[in-house]
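A short worksheet on the structure shown next.
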Amino acid sequence: MSQESTTPEEPLSGPPAVPERTPKPAGTTGPGSGDPLDPLEALGASVDDAFAHVSEETPEGGGPYAERPAEPPLPPLPPSPPAQEPAYDVAAAGAPEIATWEPEGSRSGRGPSTRSTEFPAREAAARARTESSGAGPAPAPAPAPAPAPAAAEVPEPAAALTADRLLEPRVRPPAGGWRLWLYRATLGRVNVGDSDAERLRRVTAHRIAVPLGEGTRYVPVLSRKGGVGKTTVTTLLGMALAQGREDRVIALDANPDRGTLSDRSPGKARHTARQLVQNRFMVDSFTKLSSYAAREGSRLDVLASDPDPHVALAFDDADYRAVTDLLSKYYSIVLTDSGTGMVHSVMKGTLEKAHAVVLVSGASVDEARLASETLSWLEAHGREDLAARAIVVINQSLHNGRAVNVGEIEAHFRTRAAHVVRLPYDPHLAEGSRVDLSLLQPATRDAAYELAALVVDSLRD
């Protein structure tokens, strides 16, 4: 076999060059030629035939790597008809099918199914099948019941037209202090409101003004020792109640001795309780009754006792009952400035009519002990209810300077009475003259209003 000449390699710009081969004469190769067929030559011959076939089908300048012209786009497929769901037999199923929801873009290609378009068609198909089967048309649904007639509006009473309903809410300026100054300096644009102390005063005023209903309430002011400020406490309590309430309040001086209630209260008394007893059958109106009471500079009416001690001794239990029966026709609260001690001519009727009691104690050892014994006396004489609901006032107006632990006195009475009020020292009260609430110190005035609120709370129970 002759050696074939090799040719240098060329860059691939088309089909690979096929080296020319010298054909052998026929009969020199192949079966029966005596020259066995070389396997490599047979493989090369088949490769040459394959390249020759590719060269015949490929146009000039092309090749297996040449770009072919773009094929024309396929025609669009005709739209497929919507999927027909099998008719739903409502009569056979007995209940409507629950519509399902599939999100848009899912494989089923459906969005949310609407019952308004599908379900009536199903019902119509089921109705047609039912009629064709001879069962007759489906019964019509029962008509909905007629709506009940609207109830007639109830006419509102005249009391429904309140100021809170008809008027716009107004902004309340602060009561005083730097808050009021700031409100005025900013022409009302900055309102920080009232302080906590002022808000507590308003709550106390609301408690005092609560109505008590029908009937007259009797509240005696008691003490077993003179000089502890019983008359002063009665005046403060009466003025606080009269100022904060809309009904009438009167204070009765029932001291068998020379009482000083009219001296501590505003106004000048022209008549006494004894004279009212004598003329009680001629008093048939509040106008006539008011002429016996002192009422100047305050809404509190005061019925004074006789200045002559010999005449005052004649004011007994029967007189007290007659006066209080007359006062019950025109007053809602009757305060009684009782005499010193617990055993005198007026005390029996005073305790029988009492709805609540105020017990006054001084800020000393003996005064506190006597006040505590007064509660024991009430319990021993069948008035445990008054002792349990009693309001104890610790009066510090004497200001004697003795080192007495007032806190211990207060703690003792809290174990025996319902409430304890501490009345601080006040220069205006220490004068012993007529009482003016506007001249009191704020702490003393707050204590008086708190005492009045506690009395009203006790009368409501």
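Some notes on this structure:
- Whenever a residue of segment 220-245 is over 20 Å from Ser433 (Cβ atoms) and small (Gly, Ala, Ser), its partners that are modelled with pLDDT of 90 or more and assigned to a loop (DSSP other than H, G, I, E, B), lying with C-beta atoms within less than 9 angstrom and at least six residues away or across chains, give the pairs Gly244/Ala209.
- Matching residues in segment 398-457 - criterion: being under 22 Å from Gln243 (Cβ atoms) and among the polar types (S, T, N, Q): Ser433, Ser438, Gln441, Thr444
- Boolean, Val233 is more than 25 Å from Ala318 (Cα to Cα), hydrophobic (A, V, I, L, M, F, W, C), in contact with a strand residue (DSSP E or B) (Cβ under 8 Å, 6 or more places away or on another chain) and outside any helix (DSSP H, G or I): no
- Some residue of segment 240-262 being more than 24 Å from Ile208 (Cα to Cα) and modelled with pLDDT of 85 or more: no
Rundown of residues vs (1) free of Cβ contacts under 8 Å to residues at least 40 places away in the same chain; (2) touching a strand residue (DSSP E or B) at 6+ places or on another chain (Cβ under 6 Å); (3) hydrophobic (A, V, I, L, M, F, W, C); (4) crowded, with 16+ Cβ neighbours inside 10 Å, yes/no style:
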| residue | (1), (2), (3), (4) |
| --- | --- |
| Asn405 | yes, no, no, no |
| Ala411 | yes, no, yes, no |
| Leu423 | no, yes, yes, yes |
| Ala452 | no, no, yes, yes |
| Asp457 | no, no, no, yes |
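One line per residue, one yes/no per condition, for (1) of a type in the set (Asp, Glu); (2) touching a residue at least 40 places away in the same chain (Cβ under 8 Å); (3) outside the structural domain of Thr272 (by TED's automatic domain parsing):
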{"residue": "Asp317", "(1), (2), (3)": "yes, no, no"}
{"residue": "Thr324", "(1), (2), (3)": "no, yes, no"}
{"residue": "Thr336", "(1), (2), (3)": "no, yes, no"}
{"residue": "Thr340", "(1), (2), (3)": "no, yes, no"}
{"residue": "Lys348", "(1), (2), (3)": "no, no, no"}
{"residue": "Leu351", "(1), (2), (3)": "no, yes, no"}
{"residue": "His355", "(1), (2), (3)": "no, yes, no"}
{"residue": "Ser361", "(1), (2), (3)": "no, yes, no"}
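- Candidates Glu373, Glu379, filtered to the one that is surrounded by fewer than 17 Cβ atoms within 10 Å (Cβ to Cβ), free of Cβ contacts under 8 Å to residues at least 12 places away in the same chain and on the phi < 0 side of the Ramachandran plot: Glu379
- Looking at Thr324, Thr350, Thr287, just one residue is under 12 Å from Tyr218 (Cα atoms), among the polar types (S, T, N, Q) and at pLDDT below 90, and that residue is Thr350.
- The one condition from (1) surrounded by 18 or more Cβ atoms within 10 Å (Cβ to Cβ); (2) assigned to a helix (DSSP H, G or I) that Asp194 does not meet is (2).
- Candidate set: segment 172-191, residues that are surrounded by fewer than 12 Cβ atoms within 10 Å (Cβ to Cβ) and aromatic (Phe, Trp, Tyr); chosen: the one modelled with the highest pLDDT: Trp181
- Among the residues of segment 203-229, those identified as at pLDDT 90 or above and charged (D, E, K, R) are Arg207, Arg217.
- Flag for Arg264 being in the same structural domain as Arg299 (by TED's automatic domain parsing) and more than 36 Å from the chain's Cα centre (by Cα): yes
- One residue stands out in segment 301-321 among those that are touching a helix residue (DSSP H, G or I) at 6+ places or on another chain (Cβ under 8 Å) and among the acidic types (Asp, Glu): the one that is modelled with the highest pLDDT, namely Asp301.
- The listed residues are Arg414, Arg389, Arg422, and the only one of them that is under 22 Å from Arg217 (Cα atoms), of a type in the set (Lys, Arg) and either under 42 Å from the mean Cα position of the chain (by Cα) or at pLDDT 90 or above (or both) turns out to be Arg389.
The values are calculated or read from the model by the stated rules, or taken from the named source; none is laboratory data. The structure displayed is predicted, hence computed values, not measured ones. Neighbour counts are summed over all protein chains in view; Cβ atoms, including those assigned to glycine, are modelled from backbone coordinates with ideal geometry.
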